[in-house]
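Heads up, the thing below is written out as structure tokens.
Quick note: the coordinates plus some simple rules give every number you see, no bench work behind them. Note that this is a predicted model, so its numbers are computed, not measured. Positions of Cβ are generated from backbone atoms using ideal geometry, with glycine treated the same way; all protein chains shown enter the neighbour counts.
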């Protein structure tokens, strides 16, 4: 992974977009992350907070994509406060629990922050 371009992606929903169903946002997130895996350079960090933490937890339809990105050196930061609030701390499957300070630091150091 090239370190020069420091892009941070932000997931604040359990998928992409806002709709009444949960299938379409999850389908879009899976497609998006599959395409991200093919990007060069990869993002430096992907942050998850509020409902976005659900994407890194057991049962998420995007765990395979996130695991591959993690293995390829993309740092996955998952909000600890959000995990605790949703009682999901024991269900975290990929990434590291991090504080809001960790998420803010990643954003602050990035050349580009993209909220999806």
Exercise for the section: Looking only at the range 81-90, decide whether some residue is surrounded by 15 or more Cβ atoms within 10 Å (Cβ to Cβ) and either within 11 Å of the chain's Cα centre (by Cα) or touching a residue at least 40 places away in the same chain (Cβ under 8 Å) (or both). Expected result: no
Exercise for the section: Quick one: residue 104 ticks every box in (1) outside any loop (DSSP other than H, G, I, E, B); (2) surrounded by 13 or more Cβ atoms within 10 Å (Cβ to Cβ) except a single one, so which number is it? Expected result: (2)
Handout entry: Residue list for the range 68-80, filter: surrounded by 15 or more Cβ atoms within 10 Å (Cβ to Cβ) and either free of Cβ contacts under 8 Å to residues at least 60 places away in the same chain or in contact with a helix residue (DSSP H, G or I) (Cβ under 7 Å, 6 or more places away or on another chain) (or both)
Key = 68, 69, 70, 75, 76, 77, 78, 79, 80
Exercise for the section: Determine which member of the set 70, 102 is closer than 26 Å to residue 23 by Cα and touching a strand residue (DSSP E or B) at 6+ places or on another chain (Cβ under 9 Å). Expected result: 70
Exercise for the section: Just name the residue that is surrounded by the fewest Cβ atoms within 10 Å (Cβ to Cβ) out of those in the range 46-63 that are assigned to a loop (DSSP other than H, G, I, E, B) and out of contact with any strand residue (DSSP E or B) (no Cβ under 6 Å at 6 or more places or on another chain). Expected result: 59
Completion exercise
Matching residues in the range 13-35 (surrounded by 14 or more Cβ atoms within 10 Å (Cβ to Cβ), in a helix (DSSP H, G or I) and touching a helix residue (DSSP H, G or I) at 6+ places or on another chain (Cβ under 7 Å)) number 3
